[in-house]
């Protein structure tokens, strides 16, 4: 703005403080987990890390369909509040049924939207009690809001997936609607086994009594298996059959079949299915005890891709572990340095690090350490042995969550280096490390820590370098420097600061020390879905294939 006074021109100057970027925790500080996430996303499309319950795949289209039948078609504030009351009611029913039933409460109420707020309310409700839904559903003025998202669990978790599956259309701005070809069919099947009249009465009245919650138990996720039509159509959905046939979704069917087979094999041997066992078995191709896991030919390529995911995961944990040990040592020292190189040089000379290197032979080349591993590295099949890379990485994650100490750092550095050596010993550098998995052009430019780059380094510059020099290189290039690039990229793109270590006037300072963590490959959600639709059933030994699950497993899988 110009101010004119006679022949003079003055410029108005405004001074303002520049607000610092928001400091957040962030994820994947070394850009090492992204490739793992990319792979498992392709192998389990249509199931995500937040779509935990199969019945939400039918409840949300049913709810919109039921509103349509009742004449509630205009997407406005009244519709949204009605929708939120219904979402609350669905959760309350499951929590009430969990409280009133015997057995595992998770079968009824695990991962229900709003459980953190509503579980205690439902469980403390007396026989003559009642709950006003709007006390928890209102976006403004609720006593305790059950969920922040405008469309509750649908808007936060399920809408994207249900759109991809062509079950629901729309969004939280323009409105939501069920699709005629799939959404209405699923809704009609669910409607066969639930009391729509009583449910809508409670939603309209904004009040539900304990007796009504009990009468509505048919909505509980545990009751899905008691509705043959709903179970059948959700089976078709998740196993990509009939009207849900889709080439891009076939990996989901094959991954679910692999999980079913593994669950049955483990149960027969008294083992409980878990994510850790899934990673170990897919990586090695062997069951606990070393027996070969033989999958049907149609599933072999899918298991191989899960093995690639697991291999990448092991690399990820090893690199994260070294970064953790480096930051922990640097923070504990109280010293401040200005350059990544100086910190790395200092770190590799710390007593605990020297002890870890001496276990391998500090002056031995990386290739010599790989050759020497024949003396301590178990066979691939023996993944329960403590020196196997599967167990070494579990040790890293446990130690990085435990008490900080020089001894813990030594163990982490030792386990991480041995993991890298084990992976190198089992790697043929001439192979395509990702087999027929194709990544977009320049993908690995943004995610340089990957199996391809690892294979190049172990047969290239690392081969003739001492193990100490390799650790120094890793500390700089796959530690401090890549973290700074990742954090700067997030700062530029998202205006959020995710620095775990950053430059300051007093040298590089540690903000926080991230533990080494596994990615979550949608496994738990897939297992929960299989339980919900009754493909897995409880036995005295654990979860095993049900007749319904065995039928899904045995159906031809040529497409």
Obtain the radius of gyration and the Kirkwood radius of segment 204-339 from its C-alpha atoms and give Rg over Rh.
1.19
For the chain, what does the relative contact order come out to in percent, with C-alpha contacts under 8 Å and a separation of six or more?
21
Need one word for segment 165-264: rounded, prolate or oblate. Basis is the Cα gyration tensor (sqrt eigenvalues a ≥ b ≥ c); a/c below 1.5 gives rounded, then a/b vs b/c decides.
oblate
Rounded to 0.05, the calculated FRET efficiency for the beta carbons of residue 489 and residue 50 at R₀ = 22 Å is 0.35
Once the Cα atoms of helix 389-401 and of the chain are each reduced to a long axis, what angle between those two axes, in degrees from 0 to 90 to the nearest 10, is obtained?
80
Rounded to the nearest 0.05, FRET efficiency between residue 242 and residue 163 (Cβ-Cβ, R0 30 Å) equals 0.90
Take the alpha carbon atoms of segment 393-423, find their center, do the same for segment 470-487, and report the distance between the two centers in whole angstrom.
17
Based on C-alpha coordinates, I'd like the Rg and Dmax of segment 49-247, in Å.
15.8, 52
Given only helices, namely DSSP H runs of n ≥ 4 each adding -39500 (n - 2.57), what is the per-residue ellipticity at 222 nm of the chain, to the nearest 500 deg cm²/dmol?
-15500 deg cm²/dmol
Euclidean distance of C-alpha centroids, segment 34-96 and segment 211-248, integer Å:
13
Provide 162, 484, 262 in ascending order of the number of other Cβ atoms located within 10 Å of each residue's Cβ, fewest first.
484, 262, 162
Rounded to whole Å and sorted largest first, what semi-axes of the equivalent ellipsoid does the C-alpha gyration tensor of the chain yield via the square root of 5 times each eigenvalue?
46, 35, 22
Fewest to most Cβ atoms within 10 Å: 200, 190 sort as 200, 190
What is the angle, in °, between the Cα long axis of helix 406-425 and the longest principal axis of the Cα atoms in the chain? Nearest 10 is fine, range 0 to 90.
90
Cα long-axis angle, helix 523-532 against the chain (0 to 90 degrees, to the nearest 10):
20
What is the distance, in nm, between label points placed 7 Å from the Cα along the Cα-to-Cβ direction at residue 226 and at residue 430?
6.3
In nm, what is the difference between 0.36 nm times the number of residues separating residue 269 and residue 502 and their Cα-Cα distance?
78.9 nm
A convex hull over the alpha carbons of segment 380-466 yields, per residue, a volume in Å³ of 143
What is the spread of the Cα atoms of segment 400-559 along each of their three principal axes, largest first, in whole Å?
65, 38, 38
Evaluate segment 292-340: find the radius of gyration of its Cα atoms, find its Kirkwood radius, and give the ratio Rg to Rh.
1.38
What FRET efficiency, computed as 1/(1 + (r/R0)^6) with R0 = 30 Å and r the Cβ-Cβ distance, is obtained for residue 331 and residue 456, rounded to the nearest 0.05?
0.40
Report the extension gain between residue 123 and residue 341 in nm, rounded to one decimal, defined as 0.36 nm multiplied by the number of residues separating them, less their alpha carbon distance.
72.7 nm
Most exposed first, judged by fewest Cβ atoms within 10 angstrom, 124, 465 run 124, 465
Separation of the residue 204 and residue 520 label points, Cα + 7 Å toward Cβ, nm
3.9
For segment 299-510, divide the Cα radius of gyration by the Kirkwood radius and give the resulting Rg/Rh value with two decimals.
0.96
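No value in this document is a laboratory result; all are computed from the given coordinates. These numbers come from a predicted model, not from an experiment. Virtual Cβ from ideal backbone geometry, glycine too; neighbours counted across all protein chains shown.
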